[in-house]
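The values are calculated or read from the model by the stated rules, or taken from the named source; none is laboratory data. The shown structure was predicted, so the numbers you read here are calculated from the model rather than taken from an experiment. Every residue, glycine as well, gets a Cβ built from its backbone with ideal geometry; the counts of neighbours run over all protein chains shown. SASA here: full protein model, heavy atoms, side chains in, ligands and nucleic acids out. Shrake-Rupley method; radii C 1.70, N 1.55, O 1.52, S 1.80 Å.
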Amino acid sequence: MNTALRYATPVLLGIVVLALWEFTVDHFGIPPYVLPAPSAIAAAFADNFSSLMASLWTTLRVTLEAMVAAFVGATALAVLFSLSKAIENALYPYAVVLQVTPVIAITPLILLWVGFERINIALVIIGFIVAFFPILSNTTIGLRSTDHNLIDLFRLYGASRWQILWKLQLPSSLPYLLGAMKISGGLALVGAVVGEFTAGSGTATGLAWRITEAGNRLEIAKMFAALALLAALGIAIFSLLTLLEWALLHRWHESALKKDQ
Amino acid sequence: MTALVSLVRIAKTFENGTQAFGPLDLAVDAGQFVSLLGPSGCGKSTVLRVIAGLLAPSAGTVSFPQSRPEIGFVFQEPTLMPWRSALDNVRLPLELKGVARADAEMRAREAILRVGLQGFEAAFPRELSGGMKMRVSIARALAAKPKLLLMDEPFAALDEPTRQALNDDLLKLWREDGLTVIFVTHSVFESTYLSTRVVVMTPRPGRIAAEISLDFPHARSEAFRLSPEFSKAAAEVSAALRGAHA
């Protein structure tokens, strides 16, 4: 299949579904508080453009901050694990506990401790918690699966522990780390949204709050507009991380090989 | 003549109780090409690691009577860093030794030239064939100008023509640089073709079963591979290997 067709088919399918949706709502007279037509959603989007964009920016910032924090924290901890088995043994079970406890169950506590007046910090912490573990677990595996012969070679030439880490183990674990970042990017967004829903009518100003607010007022079209923005944000984060992965790996890693090669 | 490297009563037992090899004695003189020939799992690779100082022996001593020579190591796999170009892989030993980048790059280019890979400096390992990757690996070992080259079945995974080409190139490098080579293999023909001395090892735990000196006056080449004297030497080495199994 050629490239143009590959991109054209999902776009075409989307257009067909939207047209069918518009027609169905119109034809059967479905009330807008049950299912608004795409045209109504577009109108709601235009009407609320500035408030939706402000919310999008808030959610984007929270998500990015959570991702950066998770990346830095989890990578640092994975490096620490690779340096000391004792630290790994002591800390890993607690990382698992943090991972398996449903984040929504600890969200009220975090909101309470951080305070509703600083809700965005609380949301970053929640996003951080859910985004943290995949990076930690994958990077730990990546650092550990470094070619032992290469480690021996580094040792033969008198490399320091730091040189082995920086020049060998970190590049080796890059494919694992980038794979985890793609998962964690989506999870950070989930964390930011879940936190806001739990906070309810507080001081939150992100997209999840717009959805709650619009739902309470039965402005279903606006709800859909905010929802579409959330989906777009998720796609944008995933695409950017996929692009980053390609940029860093395509010259050398098997995962980036074209199938026809 | 004092030996370049001398192993006295060395043995290695792993933590799980497996006896890898020994005890064995071996002295290798400067300029020799010594093959350690033995069946798979006889501990010959472990001997190389002990000589390189990557593994401590459980008993005995490894000594370098003059001074510890610069050591190069070639593994069974090319063992390249896939994210680095051929040139940057070859540059690694110099980089780790703190050689200035421009100088290191120049010496790496020279090493690549010597293994016949000019034009592939910028290629990444996945763009190279198995034989070419092994050449990069050899260039990397040569870049730091070793006196002692340790090779662990480096050509075992290659096809026959590639292996023969690499055998010939290795002999050329050995002669030109006055290298001392310790070459681990399980191939009778390869050890006979390459070595000045074949050390035959017993199955695990490996001990030295026999030693055969191969002193051929002329340079070895394709014609040598087909000569009666080569066949005779190979038969002798083969008999020694069979004897070691018995």
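Could you tell me which numbered condition residue A:65 fails, if it satisfies all but one of (1) more than 30 Å from residue A:167 (Cα to Cα); (2) of a type in the set (D, E, K, R); (3) open to solvent by 80 Å² or more (accessible area, probe 1.4 Å)?
All conditions pass for residue A:65, except number (1).
Taking residue B:53 and the conditions (1) touching a residue at least 40 places away in the same chain (Cβ under 8 Å); (2) of a type outside the set (A, V, I, L, M, F, W, C); (3) closer than 16 Å to residue A:149 by Cα, which numbered condition does it fall short on, given that it satisfies the others?
Just one mismatch for residue B:53, condition (1).
Out of A:153, A:136, A:77, A:83, I need the residue that is at pLDDT 95 or above and within 30 Å of residue B:74 (Cβ to Cβ). Which one?
Selected residue: A:153, the only one of A:153, A:136, A:77, A:83 that is at pLDDT 95 or above and within 30 Å of residue B:74 (Cβ to Cβ).
Quick check on the stretch B:27-54: of everything there that is touching a Lys or Arg at 6+ places or on another chain (Cβ under 7 Å) and within 14 Å of another protein chain (Cβ to nearest Cβ), which residue is surrounded by the fewest Cβ atoms within 10 Å (Cβ to Cβ)?
In this case the residue turns out to be B:54.
Considering only residues that are within 14 Å of chain B (Cβ to nearest Cβ) and hydroxyl-bearing (Ser, Thr, Tyr), which ones fall in the stretch A:112-166?
A:145, A:146, A:157, A:160 - these are the residues of the stretch A:112-166 that are within 14 Å of chain B (Cβ to nearest Cβ) and hydroxyl-bearing (Ser, Thr, Tyr).
Matching residues to (1) touching a Ser or Thr at 6+ places or on another chain (Cβ under 8 Å); (2) charged (D, E, K, R); (3) surrounded by fewer than 22 Cβ atoms within 10 Å (Cβ to Cβ); (4) in contact (Cβ under 8 Å) with a residue 24 or more places away in the chain:
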{"site": "B:170", "(1), (2), (3), (4)": "no, no, no, yes"}
{"site": "B:173", "(1), (2), (3), (4)": "no, no, yes, yes"}
{"site": "B:177", "(1), (2), (3), (4)": "no, yes, yes, yes"}
{"site": "B:181", "(1), (2), (3), (4)": "no, no, no, yes"}
{"site": "B:189", "(1), (2), (3), (4)": "no, no, yes, yes"}
{"site": "B:203", "(1), (2), (3), (4)": "no, no, yes, yes"}
{"site": "B:207", "(1), (2), (3), (4)": "no, yes, yes, yes"}
{"site": "B:212", "(1), (2), (3), (4)": "no, no, yes, yes"}
{"site": "B:215", "(1), (2), (3), (4)": "yes, yes, yes, no"}
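What is the number of the single condition among (1) part of a loop (DSSP other than H, G, I, E, B); (2) closer than 22 Å to residue B:185 by Cβ; (3) touching a Phe, Trp or Tyr at 6+ places or on another chain (Cβ under 8 Å) that residue B:84 does not meet?
Checking residue B:84 against (1) part of a loop (DSSP other than H, G, I, E, B); (2) closer than 22 Å to residue B:185 by Cβ; (3) touching a Phe, Trp or Tyr at 6+ places or on another chain (Cβ under 8 Å), the one that fails is (2).
So which residues in the stretch A:20-38 are of a type in the set (Asp, Glu) and either open to solvent by less than 100 Å² (accessible area, probe 1.4 Å) or modelled with pLDDT of 95 or more (or both)?
A:22
Please find, within the stretch B:126-142, the residue that is nearest to residue B:163 (Cα to Cα) out of those that are out of contact with any Asp or Glu (no Cβ under 8 Å at 6 or more places or on another chain) and at the interface with another protein chain (Cβ under 10 Å from one of its Cβ atoms).
Step by step, filter the stretch B:126-142, then rank; the result is B:137.
Looking at the stretch B:90-108, which of its residues are over 20 Å from residue B:172 (Cβ atoms), touching a residue at least 40 places away in the same chain (Cβ under 8 Å) and more than 10 Å from chain A (Cβ to nearest Cβ)?
Once the filter is applied, which keeps residues that are over 20 Å from residue B:172 (Cβ atoms), touching a residue at least 40 places away in the same chain (Cβ under 8 Å) and more than 10 Å from chain A (Cβ to nearest Cβ), the stretch B:90-108 yields only B:91.
Which fully enclosed helices (runs of 4 or more DSSP H) of the stretch B:137-246 have 3 or more residues being of a type in the set (Gly, Ala, Ser)?
On the way: elements: B:160-177, B:188-194, B:222-225, B:228-245.
Helices (runs of 4 or more DSSP H) meeting the threshold: B:228-245.
Need pairs with beta-carbon distance below 6 Å; first residue over 12 Å from residue B:211 (Cα atoms) and within the stretch B:233-246, second open to solvent by 30 Å² or more (accessible area, probe 1.4 Å) and among the hydrophobic types (A, V, I, L, M, F, W, C); sequence gap 6+ or separate chains.
Within 6 Å, the pairs are B:234/B:189.
Does residue B:24 qualify as being more than 14 Å from chain A (Cβ to nearest Cβ), touching a residue at least 40 places away in the same chain (Cβ under 8 Å) and crowded, with 17+ Cβ neighbours inside 10 Å?
yes
In the set B:53, B:60, which member is farther than 25 Å from residue B:96 by Cα and not aliphatic (A, V, I, L, M)? Quick ask: steps written out before the conclusion?
Values: B:53 fails: farther than 25 Å from residue B:96 by Cα.
One residue alone meets the criteria, B:60.
Testing residue A:191 on (1) open to solvent by less than 20 Å² (accessible area, probe 1.4 Å); (2) more than 14 Å from every other protein chain (Cβ to nearest Cβ); (3) not in a helix (DSSP H, G or I), one condition comes back false. Which one is that?
Going through the list (1) open to solvent by less than 20 Å² (accessible area, probe 1.4 Å); (2) more than 14 Å from every other protein chain (Cβ to nearest Cβ); (3) not in a helix (DSSP H, G or I), residue A:191 breaks only (3).
Within the stretch B:109-125, is even one residue within 12 Å of chain A (Cβ to nearest Cβ) and outside any loop (DSSP other than H, G, I, E, B)?
yes
Quick check: is even one residue across the stretch B:44-62 modelled with pLDDT under 95 and touching a His at 6+ places or on another chain (Cβ under 7 Å)?
no
State the number of residues belonging to the stretch B:167-177 that are under 13 Å from residue B:196 (Cα atoms) and within 14 Å of the chain's Cα centre (by Cα).
2
A quick yes/no check of all residues on (1) in contact with an Asp or Glu (Cβ under 9 Å, 6 or more places away or on another chain); (2) open to solvent by less than 20 Å² (accessible area, probe 1.4 Å):
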{"position": "B:68", "(1), (2)": "no, no"}
{"position": "B:78", "(1), (2)": "no, no"}
{"position": "B:87", "(1), (2)": "yes, yes"}
{"position": "B:92", "(1), (2)": "no, yes"}
{"position": "B:113", "(1), (2)": "no, no"}
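Scan the stretch B:22-35 and tell me whether some residue there is at pLDDT 95 or above and among the β-branched types (Val, Ile, Thr).
yes
Would you tally the residues in the stretch A:219-253 being closer than 27 Å to residue A:39 by Cα and either hydrophobic (A, V, I, L, M, F, W, C) or open to solvent by less than 50 Å² (accessible area, probe 1.4 Å) (or both)?
18
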